[in-house]
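Below you'll find the structure, written out as structure tokens, and then a few comments.
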Amino acid sequence: MASMDDEEAIALALAEAKAAATRGEVPVGAVLLAADGALLAQDGNRIVERKDPTAHAEMLVMRAGALALGNERLTGTQLFVSLEPCAMCAGAIALARVARLVFAADDPKGGAVLHGARFFEQATCHHRPVIARAGDAAGAGEILRDFFRARR
């Protein structure tokens, strides 16, 4: 499998976010790459579709990645997300031992990486991924704003 760079992976996550919006889901998309950069999983939110409050894009790709690798530890993997992860997803990222987290847009209301709980900065967090930014943060935010504006 060919490896992806950061911009390709975040672009794929943004495409998954747009696809989630067309399904009526909050538009968040995620991509999980193996240690060698090969694509393990890609998905968008499916909370409404699955009637599952934990069916966030990050959770879905980490579950699929764990199955693909045959291991609950996602050591060496990289997770790309269109939006800053929430506390639930940040906790799962730490438990899975994801090596690197890359996201496009900040989430001042629900994010838990740079905002809110700042999960990875807590003394009780036993694994901290490298955190990076990639992609068009303004464009990623606009996808969300358009989605919610259409519902008001």
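Below 8 Å between Cα atoms, with a sequence gap of 6+, how large is the relative contact order for the chain in percent?
In percent, rounded to a whole number, it is 20.
Considering only alpha-carbon pairs that sit under 8 angstrom and 6 or more positions apart, the relative contact order computed for the range 82-139 is 42 percent.
Suppose a student asked you for the relative contact order of the range 16-62, using Cα pairs under 8 Å spaced at least 6 residues apart; what percent would you report? Show your work: numbers first, answer last.
Details: 93 pairs, mean separation 15.8, N = 47.
Relative contact order of the range 16-62: 34 percent.
Note on the range 38-77 and the range 95-113: Cα centroid distance 14 Å, given to the nearest whole angstrom. Nonpolar atom fraction for the range 1-79, defined as the carbon and sulfur part of the 1.4 Å probe accessible area, stands at 56 percent.
So what's the net charge close to Asp6: Lys and Arg +1, Asp and Glu -1, counting the other residues with Cβ under 13 Å from its Cβ?
Numbers: positive: Arg100, Arg133; negative: Asp5, Glu7, Glu8, Asp136.
Taking every other residue near Asp6 into account, the sum is -2.
Toward the positive end of the charge dipole of the range 57-140, about the Cα centre and with charges on Cβ (Lys, Arg +1; Asp, Glu -1), which of Thr75, Gly139, Ala90 goes farthest? Among Thr75, Gly139, Ala90, the one farthest towards the positive end of the dipole of the range 57-140 is Thr75. Using 0.36 nm per residue and subtracting the Cα-Cα separation, the extra length available between Glu121 and Lys51 on full extension is 22.0 nm.
Where only protein heavy atoms count, and the probe is 1.4 Å, what is the accessible area per residue for the range 4-149 in Å²?
Values: 6580 Å² over 146 residues.
So the range 4-149 comes to 45 Å² accessible per residue, rounded to a whole number.
The residues packed around Pro53, meaning those with a beta-carbon under 15 Å from its beta-carbon, carry a net charge of 0 if Lys and Arg are +1 and Asp and Glu are -1. Charge tally for Arg133 (other residues, Cβ to Cβ under 11 Å; Lys, Arg +1; Asp, Glu -1): -4.
How large a share of the accessible area of the range 110-152, in percent, is made up of carbon and sulfur atoms when the probe is 1.4 Å and the other protein chains stay in place? Walk me through the numbers on the way to the answer.
Values: 1510 of 2740 Å².
The C+S portion of the solvent-accessible surface of the range 110-152 is 55 percent.
The values are calculated or read from the model by the stated rules, or taken from the named source; none is laboratory data. In this text the structure is predicted, and so the values were computed from the model without any measurement. Cβ coordinates were reconstructed from backbone atoms using ideal geometry, including for glycine residues, and neighbour counts include every protein chain displayed. Side chains are part of the model used for accessible areas, which takes the heavy atoms of the whole protein and leaves out ligands, DNA and RNA. Shrake-Rupley method; radii C 1.70, N 1.55, O 1.52, S 1.80 Å.
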